[in-house]
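Enquirer: Sharing a structure below in structure tokens format, with a few things to ask.
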Amino acid sequence: MRLDRFICKSTSLLREEARALISAGGVRVNAQIASDEAMQVHENNCITVDGQQLTARASRYIMMHKPRGTICSNVDEGYPSLFNAIDVDSVGELHVAGRLDADTTGLVLLTDDGRWSFNIITPEKRCEKVYRVALRDPVADDLVVRFHRGLQLQGEKVLTQPAKLQTVGEKEVLLTITEGKYHQVKRMFAAVGNRVVALHRQKIGELSLDLGIGQWRHLTAEEVNSFE
């Protein structure tokens with residue numbers, strides 16, 4: 001993680017205070033003065049402040065059932081932040097591993113472990129996300145094949161990766177994707193002449209949403225390890 005973030009995770013300093021400490025030459029990485037706040041450090045590095053070695057606090061992993069009308073930003077911006085409902089220390093150190101739009105509900109994962117969230121959001125890891133999608137128009141017969149072959153989204157040069165589409169009603173489907181492009185689900189259905197009217201994420205990897213709207217809980221060790 002970034003050096004300034006590591007210091008915040010190892011002390012009670014705020015990000016601005018950590019950066020000031022780095023700028024003043026008060027931080028050493030492997031016995032060398034570190035002056036770059038964005039320097040990437042790892043658990044095997046020896047990071048010291050005034051000769052005292054720092055040890056980062058244990059990472060946190062949280063599931064939440066995101067309500068409609070909330071955003072995945074750490075601050076309120078037009079809509080209230082879902083972080084307002086998370087009652088943990090240093091909540092500002094958390095980030096969402098795969099954001100949802102304000103009008104989308106369902107499963108979100110929050111963590112302060114950047115490597116862990118990378119395994120969830122990077123397409124190369126092919127972590128499946130399952131969405132329940134309500135549509136304006138009935139599901140066309142050829143959509144299963146078209147979604148599997150990949151779609152050309154407006155503004156994109158390459159097709160979407162193969163997606164699984166399961167019809168559960170005349171105007172409702174389950175969609176499984178392994179990418180996370182901007183507004184991807186909505187853009188996929190727009191590309192085939194339909195429109196999403198409601199969107200809910202119910203599964204990420206092997207982890208299914210098991211909470212009421214607005215509720216949250218810490219993940220078990222087994223759940224955390226399922227994304228390694």
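Values in this text are rule-based calculations from the coordinates and carry no lab data. Given the structure is predicted, the values throughout are model-derived calculations rather than measurements. Note that we place each Cβ from the backbone using ideal geometry, even for glycine, and neighbour counts take in every protein chain shown.
Enquirer: If you take the beta carbon distance between residue 182 and residue 141 as r and set R0 to 35 Å, what does 1/(1 + (r/R0)^6) give as a FRET efficiency, to the nearest 0.05?
Expert: The formula returns an efficiency of 0.75 here.
Enquirer: If I model a spin label at residue 77 and residue 122 as a point 7 Å from the Cα along the Cα→Cβ vector, what separation in nanometres do I get?
Expert: 2.5 nm
Enquirer: When the helices in the chain are scored as -39500 (n - 2.57) per DSSP H run of 4 or longer and the sum is shared across all residues, what 222 nm value do you end up with, to the nearest 500 deg cm²/dmol?
Expert: Here the helix-only value at 222 nm equals -5000 deg cm²/dmol.
Enquirer: Check residue 151: other-chain or 5+ apart residues with amide H under 5 Å from its amide H, H built from backbone geometry?
Expert: Those qualifying (amide H under 5 Å, at least 5 residues apart or on another chain) are 160.
Enquirer: What whole-number distance in Å separates the alpha-carbon centres of the range 156-216 and the range 10-76?
Expert: 34 Å
Enquirer: With a ≥ b ≥ c taken as the square roots of the eigenvalues of the C-alpha gyration tensor of the range 128-204, please select rounded if a/c is under 1.5 and otherwise prolate if a/b is larger than b/c or oblate if it is not?
Expert: Rounded is the answer for the range 128-204, as its axis ratio a/c remains below 1.5.
Enquirer: For the chain, what is the largest minus smallest coordinate of the Cα atoms on each principal axis, given in angstrom and ordered from greatest to least?
Expert: Rounded to whole Å, the extents work out to 67, 37, 36 Å.
Enquirer: So, one more: Starting at the first residue of the range 79-94, write each ³J(HN,Hα) from the Karplus equation 6.51 cos²θ - 1.76 cosθ + 1.60 with θ = phi - 60°, in whole Hz, x for Gly and Pro.
Expert: Couplings: 10, x, 6, 5, 5, 4, 8, 8, 9, 9, 5, 6, 4, x, 7, 7 Hz.
Enquirer: Taking other Cβ within 10 Å of each residue's Cβ, how do 175, 159 sort, fewest first?
Expert: Lowest to highest Cβ neighbour count: 159, 175.
Enquirer: Run the reach check for residue 129 against lysines, Cα to Cα strictly under 21 Å, same-chain hits fewer than 8 apart removed. What comes back?
Expert: Filter leaves 66, 164, 171, 181, 186, 203.
Enquirer: What shape does the range 3-53 have by the C-alpha gyration tensor, where a ≥ b ≥ c are the square roots of the eigenvalues, rounded means a/c under 1.5, and otherwise prolate means a/b greater than b/c and oblate the rest?
Expert: Rounded, because the longest to shortest axis ratio a/c is under 1.5.
Enquirer: Give me a comma-separated list of calculated 3J(HN,Hα) values for the range 52-60, in order, Karplus coefficients 6.51, -1.76, 1.60 applied at θ = phi - 60°, integers in Hz, x for any Gly or Pro.
Expert: Computed from phi, the couplings for the range 52-60 are 9, 6, 9, 10, 5, 5, 4, 5, 10 Hz.
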